[in-house]
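Structure record follows, encoded as structure tokens.
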Amino acid sequence: MRGTKKQNKKIPGKFFAEWQEAVQNIADFLNVSLVLIMGENRTSGKIVASNIPAQDIKRISNLENSPIQLGQKIMEKGERVKISFSSQPVKLETEKGREMVFKSALGFPVHWPDGEIFGALSVFSSGENGLGEKTERGLAQFKDFFEKNLEMICLDNK
């Protein structure tokens, strides 16, 4: 690990609450079905914040192109990932019986100030037209917001 020491990367609880509110706002602003932030542990696919209950997302984690698998792919590659799976959409049925169908996804890695990957910010859409340039620009701006939060955490922990 380079740069900031691991103990300086502990995230205070107040940030989780703010991020939870932010993902709901992102979903509304970008008009997408699911917004997900994953982080802290690449192999376990820990969900940090989501506008859909984590237990619903975890139920489909073994499906190809599931939200958790996409988050892990983004963290492993360390780069933006955009996919369309309209020919084989990913289906999610929530505990409340609501069915969601995802036809496209877009995600970015989220980095600590030292360049190490914290996790992934991704969105999933059920729209027929996929995710366009406006959504991509908007998500990139939200990614910057989360990275600024991580920068503040590191400064506060010094």
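Details
- Annotation: of all residues in the stretch 47-68 being of a type in the set (S, T, N, Q) and over 11 Å from the mean Cα position of the chain (by Cα), the one that is farthest from VAL32 (Cα to Cα) is ASN62.
- Filter pass, LYS96 being part of a strand (DSSP E or B) and of a type in the set (D, E, K, R): no
- Some residue of the stretch 34-52 being closer than 20 Å to THR135 by Cβ, in contact with a strand residue (DSSP E or B) (Cβ under 7 Å, 6 or more places away or on another chain) and part of a helix (DSSP H, G or I): no
- You will find that of SER87, SER66, SER122, the residue that is at pLDDT 85 or above and hydroxyl-bearing (Ser, Thr, Tyr) is SER122 and no other.
- Against the numbered list (1) surrounded by fewer than 18 Cβ atoms within 10 Å (Cβ to Cβ); (2) more than 16 Å from GLN20 (Cα to Cα); (3) not hydroxyl-bearing (Ser, Thr, Tyr), PHE124 comes up short only at (1).
- Residue in the stretch 126-147 that is of a type in the set (A, V, I, L, M) and part of a strand (DSSP E or B) present: no
- Evaluation of SER87 against (1) out of contact with any strand residue (DSSP E or B) (no Cβ under 8 Å at 6 or more places or on another chain); (2) polar (S, T, N, Q); (3) assigned to a helix (DSSP H, G or I) (one fails), failing number: (3)
The values are calculated or read from the model by the stated rules, or taken from the named source; none is laboratory data. Note that the structure is a prediction, hence the values are computed from the model and not measured. All Cβ positions, even for glycine, are placed from backbone atoms using ideal geometry, and neighbour counts span all protein chains on display.
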